[in-house]
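Structure first, then comments.
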């Protein structure tokens, strides 16, 4: 979205004259600002305000809601599957192009863990964030209304797998929300809940450094959160999470955030990939050795020009980390280079020294390691909010999120579960079935 937005500005004259066209293809008609998903799940931000409608901001572009299924770069043609084509029984849409930007991002990296596909919950989309919030509040309702101790115990046990940003921030925000919510339940206390974080390595939040990672562990454990390092999920069949250390936890909530992998569409492009499935790119963000093809973000393996060069020529050059900090800056350089290529101008290299990272650990709690400075607690949490508010696209969204934060400081948390949103026709279908039953009798 950011690349298209910048191209829209750079090629404004050509777009209005009809001598250029920018086509944006995405399965969703909006862009999700993922760093705010944990706050959306906790109810601190309305889910509507962490997404940016593409058609509203890309007014000079053609937005196609669909998914690229194949790219024939030799013929400069992309095959797009659209919902309209599927419903009408038509074939896939084929679009010719002069320059192609491949930035599909990443998808959840799952492992062949027994039962994971049946009960696991992801945390990469706004729909998953809303669903997880409703699910957690729903489990509190189940635990409050059941007399079966086994069902109650499973409902109040929440297992998160993966100690990166997504897992730690989602767990911390939701635990904060649930701890507040149980004050309205007469038979549940915060001590009744079990929150478990499972991480296969020996630390969490590696981006903020070892010291801040250790502080984050102490902070979480101080809130009675069970952090298990060097531990893997072996199975989650029959709603029982079995860990590699032999522990078994009956649970109705298993959130999987154990890493990501490049989008599968990259394998259908026949463009050069590295060992991890990312597009090999030059520092100019062009696909390595391929003209008229560009990439950025999680999908691209871009040389990090600010890193120390390899000791020997045989070693690969370090690449930019697949995170939002690089992706947003790459988007700007990418748009400049595509516009320059279209007009026959010079293109430039992408070079940016990683500034550091910030992470939220719930309301008024956080960790940060930025420009060599380490912050914790309230200052880190405030820096997290200020930084991401500044990076959130469009003034409209910034104003709405800031207004919600201000109101949240004046009023109590919203703890309503709207689980029926996930199946809005359920009540109507029940009424229709009941009506047919009475008619038949």
query = For the range 41-50, which residues satisfy the criterion of being crowded, with 20+ Cβ neighbours inside 10 Å and within 12 Å of residue 397 (Cβ to Cβ)?
reply = 45, 49, 50
query = Within the range 334-357, restricting attention to residues that are at pLDDT below 90 and in contact with a helix residue (DSSP H, G or I) (Cβ under 6 Å, 6 or more places away or on another chain), which residue is farthest from residue 308 (Cα to Cα)?
reply = 357
Count - residues of the range 388-441 that are surrounded by 14 or more Cβ atoms within 10 Å (Cβ to Cβ), at pLDDT below 70 and in a loop (DSSP other than H, G, I, E, B) = 1
query = Consider residue 366 against the criteria (1) at pLDDT below 90; (2) within 26 Å of residue 178 (Cβ to Cβ); (3) under 21 Å from the mean Cα position of the chain (by Cα): it satisfies all of them except one. Which criterion is unmet?
reply = (1)
key: Hey, residue 153 assigned to a loop (DSSP other than H, G, I, E, B) and in contact (Cβ under 8 Å) with a residue 60 or more places away in the chain or not   = no
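So that you can scan it fast, the table gives a plain yes or no per residue for (1) surrounded by fewer than 20 Cβ atoms within 10 Å (Cβ to Cβ); (2) modelled with pLDDT under 90:
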| position | (1), (2) |
| --- | --- |
| 93 | yes, yes |
| 98 | yes, no |
| 109 | yes, yes |
| 113 | no, no |
| 131 | yes, no |
| 148 | yes, no |
| 156 | no, no |
Filtered residues of the range 206-228 (kept if farther than 25 Å from residue 190 by Cα and either touching a strand residue (DSSP E or B) at 6+ places or on another chain (Cβ under 6 Å) or part of a loop (DSSP other than H, G, I, E, B) (or both)) = 207, 208, 209, 212
inquiry  = Just checking, does the range 250-257 include any residue being within 25 Å of residue 380 (Cα to Cα) and either exposed (fewer than 15 other Cβ atoms within 10 Å of the Cβ) or touching a residue at least 12 places away in the same chain (Cβ under 8 Å) (or both)?
reply    = yes
query = In the range 339-379, which residue that is free of Cβ contacts under 8 Å to residues at least 40 places away in the same chain and under 22 Å from residue 170 (Cα atoms) is surrounded by the most Cβ atoms within 10 Å (Cβ to Cβ)?
reply = 366
query = Within the range 179-196, how many residues are more than 16 Å from residue 149 (Cβ to Cβ) and out of contact with any helix residue (DSSP H, G or I) (no Cβ under 7 Å at 6 or more places or on another chain)?
reply = 5
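The values are calculated or read from the model by the stated rules, or taken from the named source; none is laboratory data. The shown structure was predicted, so the numbers you read here are calculated from the model rather than taken from an experiment. As a convention, Cβ positions derive from the backbone with ideal geometry for all residues, glycine included, and neighbour counts pool all protein chains shown.
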